[in-house]
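To start, the structure itself, in structure tokens.
Values in this text are rule-based calculations from the coordinates and carry no lab data. None of these values were measured; they are calculated from a predicted model. Glycine also receives a Cβ, built like all others from the backbone with ideal geometry; neighbour counts cover every protein chain displayed.
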Amino acid sequence: RSKFFSQLLAISRWRPLRLAARIFFKHMSHRLPLKNLDENDHWVAFHHPQPAYPLHILILPKQGILTLSEAPEGQPALYAALFAIIQDLIKEFNLDTRGYRLVTNGGPNQSLPQWHWHLISGEIEEVNA
């Protein structure tokens, strides 16, 4: 699972193939070989295939949106659905008690050319420790 996602990330970092990765996320996100934790008409959530935290969930829009700055205006259902999926995950994983952070990255901090959110809990784990 994580090998496929790692390859998709590598492809998406190469500028000539960003459009292909973006089209994939817009039209083929259901083909990601990952088990969905939650899904609605606008968003899909799954465990991060390369987690940096004890609980590390990715939440991606089904619509191809490159960055937060490109997020469409005038689509209240899109944002209501985002908060609904986040609230469901907070309840499912008892995060009100455990604590959590919700993060979105942009610019050079965004490793995937698709707007997405990280719902994380716990302390960052050392990679290759």
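Relative contact order of segment 37-115, please, whole-number percent, based on alpha carbon pairs below 8 angstrom and at least 6 residues apart.
Reported relative contact order: 34 percent.
List the GluC sites (Glu not before Pro) in segment 72-129 that DSSP assigns to loop (not H, G, I, E or B) and whose Cβ has at most 13 other Cβ atoms within 10 Å. Which are they?
73, 123, 125, 126
Could you check the spin-label model distance between residue 80 and residue 94? Points 7 Å from the Cα along Cα→Cβ, value in nm.
3.2
Give the residues of segment 78-118 whose amide nitrogen is closer than 12 Å to a point set 7 Å from the Cα of residue 50 in the direction of its Cβ.
Residues 111-112 fall inside that zone.
If you take the beta carbon distance between residue 111 and residue 36 as r and set R0 to 22 Å, what does 1/(1 + (r/R0)^6) give as a FRET efficiency, to the nearest 0.05?
So, using R0 = 22 Å, E works out to roughly 0.55.
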